[in-house]
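Working notes, structure below.
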Amino acid sequence: MKEVRVVLADDHEVVRSGLRSLVDDCIGLTVVGEASDGKEAIECARKLEPDVLVMDLSMPGMDGATAAEHICREFPAVKVIALTAHDDRAHLTRLLQAGASGYVLKQGAADELVKAIRMVAAGATYVDPMLAGTMLKRSARPLSTVHSFGEDTLSEREEEVLRRVAWGESNKEIADVLGISTKTVETYKARITEKLGLRSRTDMVRYAVRRGWLSES
């Protein structure tokens with residue numbers, strides 16, 4: 001298995017030290033650099049070409065959100081995970097639209113960050129379950145039987161599955177909530193990707209962002 005190279009960007013040295021210990025203790029992950037502000041994070045992305053860059057959004061000088069947008073634009077091979085203490089929909093939408101691959105809350109379990117690093121390194125998109133669950137409740141609304149998107153249509157159930165995929169729920173979690181089998185969830189996902197021309201879970205997340213589903217109140 002290829003080793004995942006990680007850069008950590010946070011203005012607090014103690015936090016970086018803790019994150020380094022967490023990441024370096026995991027098989028297949030290694031920290032190759034650290035940054036204390038947005039400009040240093042951009043330099044690390046340029047010089048070290050890491051697989052994943054974990055970025056605190058609240059840093060002095062150039063903030064993490066601005067730096068993340070720059071890195072996503074200039075170094076698309078570097079997968080950015082936004083790390084924040086705030087349950088902020090505006091930041092989430094902004095970062096996903098810019099191309100960030102992950103959004104993790106600092107108050108979440110440590111293994112969530114490790115999971116996020118592994119997932120985005122493999123090409124997926126990760127949204128912290130604590131944030132995803134809250135946002136799903138906030139965005140819940142009655143759905144009509146069929147919704148039209150150009151020439152494509154999604155059934156009520158297909159849209160529900162797509163929303164939950166975008167918020168980071170696993171096939172099993174979706175199946176449990178909707179009272180269906182995981183195989184049926186896979187069938188719905190296959191129909192969705194065919195109807196909308198999406199190729200991956202990342203595409204589903206970005207589609208949901210464009211539809212405004214991740215910023216509804």
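Structural remarks
- In sequence order, calculated HN-Hα J values of region 44-54 (Karplus, 6.51, -1.76, 1.60; Hz; x Gly/Pro): 5, 4, 6, 7, 9, 6, x, 6, 9, 10, 8
- Note, ³J(HN,Hα) from phi for region 20-33, Karplus 6.51, -1.76, 1.60, rounded to Hz, x at Gly and Pro: 4, 4, 4, 6, 5, 7, 9, 4, x, 10, 8, 8, 10, x
- Direction-averaged projected area, Cα convex hull, region 4-127: 6.3 nm², rounded to one decimal.
- 3J(HN,Hα) from dihedral phi, region 34-40, Karplus parametrisation 6.51/-1.76/1.60, rounded to Hz, x for glycine, proline: 9, 9, 10, 7, x, 5, 5
- Straight Cα distances below 26 angstrom link Lys39 to the lysines Lys47, Lys79, Lys106, with same-chain residues fewer than 8 positions distant left out.
- Normalised contact order of region 4-127, rounded percent, pairs of Cα under 8 Å and 6 or more residues apart: 22 percent
Quick note: the coordinates plus some simple rules give every number you see, no bench work behind them. Since the model is a prediction, treat every value here as computed from it, not as a measurement.
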